[in-house]
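*Asks:* This is the structure I have questions about; it appears just below.
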Amino acid sequence: EAPLASSPFTFYHPETGEYLVFAQDAGRQLYLISRSGRVLWKKPFMELINSEIQPLDLHNDGDVQLAFSTRTGIHLLNIQGEEMPGYPIELLVPATNGVTVVDFFKSHDYSFFIACENEKAYGFDEEGLPLEGWRPRDSVGMVTHPMQHFQAQGMDFLVFLNDEPALRVFRRNGQPRFDEVLLEGKFLSPPGWQVSRQSSRIVACNDKGRAWVVNLSGG
């Protein structure tokens, strides 16, 4: 009923055996649309979504929940568009980036990470409780790109690119993985990474085409 606010998100739902489309329009209304184009439901929503949509299986039963964030909270909707119990997780300070969901042990135990206007990063478990080391994590800087997470050599890397600009990389417990890496220029996208036997590295590229390649020790 209005232009799309962001790209629609397609996901597979085991119970229906088909792909579904989740979308939000500029009027903040949410839609769930079938593969054939039928609108299954549409609902008003209070804010625009500021993150990617991330499908979860909270109870490890094959059902799908959709996780995303707005400036004021972290949301988790069931397939009917209803908030799961305990959600939204309300933020005391407005968010500056979109939430990143991490399943550290591939066990359907999810953690949520988001940065806010006070230049701190917050971590929550799936029940909305603050994570040790992330309640909040100070001195992350002003972060507008989503946090990136990867695992290499048996270690977790939680990567923030702030507007200094600098890379801040942390362990799962919120402790720095290595000293911050100072960059130059404007960065239009979050950093990427490569994990392989030949080379494991973090890469960030600015709007002038200059790339910084950082090893897993921060060099």
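*Asks:* Please specify each residue of segment 33-50 satisfying the condition of being over 21 Å from the mean Cα position of the chain (by Cα) and not aromatic (Phe, Trp, Tyr).
*Replies:* Ile33, Ser34, Arg35, Ser36, Gly37, Arg38, Val39, Leu40, Lys42, Lys43, Pro44, listed by residue number.
*Asks:* Let me ask something additional. Of the numbered conditions (1) closer than 30 Å to Pro14 by Cβ; (2) modelled with pLDDT of 95 or more, Asp63 fails exactly one; give the number of that condition.
*Replies:* With respect to (1) closer than 30 Å to Pro14 by Cβ; (2) modelled with pLDDT of 95 or more, Asp63 is out only on (2).
*Asks:* Identify, by number, the condition in (1) of a type outside the set (Val, Ile, Thr); (2) open to solvent by less than 20 Å² (accessible area, probe 1.4 Å); (3) touching a residue at least 60 places away in the same chain (Cβ under 8 Å) that Gln153 doesn't meet.
*Replies:* (2)
*Asks:* Further question on the same structure: Does any residue of segment 206-219 turn out to be outside any strand (DSSP E or B), modelled with pLDDT under 95 and either among the hydrophobic types (A, V, I, L, M, F, W, C) or out of contact with any helix residue (DSSP H, G or I) (no Cβ under 6 Å at 6 or more places or on another chain) (or both)?
*Replies:* no
*Asks:* I've got another one for you. Quickly run through segment 41-63 and pick out the residues that are in a loop (DSSP other than H, G, I, E, B), in contact with a strand residue (DSSP E or B) (Cβ under 7 Å, 6 or more places away or on another chain) and among the polar types (S, T, N, Q).
*Replies:* Hits for segment 41-63 are Asn50, Ser51.
*Asks:* Can you tell me which residue in segment 115-137 is most open to solvent (accessible area, probe 1.4 Å), limited to those that are within 18 Å of Thr72 (Cβ to Cβ), in contact (Cβ under 8 Å) with a residue 24 or more places away in the chain and assigned to a strand (DSSP E or B)?
*Replies:* Tyr122
*Asks:* Moving on to the next point. Quick one: Pro14 ticks every box in (1) open to solvent by 30 Å² or more (accessible area, probe 1.4 Å); (2) within 16 Å of the chain's Cα centre (by Cα); (3) of a type outside the set (Asp, Glu) bar one, so which box is it?
*Replies:* Here Pro14 meets the rest and fails (2).
*Asks:* Looking only at segment 39-57, count every residue that is of a type outside the set (Lys, Arg), open to solvent by less than 80 Å² (accessible area, probe 1.4 Å) and more than 29 Å from Lys106 (Cβ to Cβ) and tell me the total.
*Replies:* Count: 5.
*Asks:* Let me spell it out: the conditions are (1) crowded, with 18+ Cβ neighbours inside 10 Å; (2) over 26 Å from Gln54 (Cα atoms); (3) aromatic (Phe, Trp, Tyr), and Phe178 meets all of them except one. Which number is the exception?
*Replies:* Failed condition: (1).
*Asks:* Scan segment 120-133 residue by residue and report those that are under 18 Å from Tyr87 (Cβ atoms) and not aliphatic (A, V, I, L, M).
*Replies:* Tyr122, Gly123, Phe124, Asp125, Glu126, Glu127, Gly128, Pro130
*Asks:* Here are Gly73, Gly86, Gly98: which of them is of a type in the set (Gly, Ala, Ser) and open to solvent by 10 Å² or more (accessible area, probe 1.4 Å)?
*Replies:* Testing whether each residue is of a type in the set (Gly, Ala, Ser) and open to solvent by 10 Å² or more (accessible area, probe 1.4 Å) leaves just Gly86.
*Asks:* May I pose another question? Look at Val169 and say whether it is surrounded by 16 or more Cβ atoms within 10 Å (Cβ to Cβ), in a loop (DSSP other than H, G, I, E, B) and β-branched (Val, Ile, Thr).
*Replies:* Taking the combined requirement at face value, the residue does not satisfy it.
*Asks:* Separate question: Among the candidates Phe112, Phe68, Phe22, Phe104, which residue alone is within 30 Å of Asp156 (Cβ to Cβ), aromatic (Phe, Trp, Tyr) and surrounded by fewer than 14 Cβ atoms within 10 Å (Cβ to Cβ)?
*Replies:* Selected residue: Phe104, the only one of Phe112, Phe68, Phe22, Phe104 that is within 30 Å of Asp156 (Cβ to Cβ), aromatic (Phe, Trp, Tyr) and surrounded by fewer than 14 Cβ atoms within 10 Å (Cβ to Cβ).
*Asks:* So Ser36 clears everything in (1) open to solvent by 40 Å² or more (accessible area, probe 1.4 Å); (2) under 24 Å from Tyr110 (Cα atoms) except one condition, right? Which one?
*Replies:* All conditions are met except number (2).
The values are calculated or read from the model by the stated rules, or taken from the named source; none is laboratory data. What you are looking at is a predicted structure, and each value in this text was computed from that prediction instead of being measured. Cβ: placed from backbone, ideal geometry, glycine included. Neighbour counts: every protein chain shown. Remember, those area values only see protein heavy atoms, side chains included, never the ligands or the DNA or RNA. Shrake-Rupley method; radii C 1.70, N 1.55, O 1.52, S 1.80 Å.
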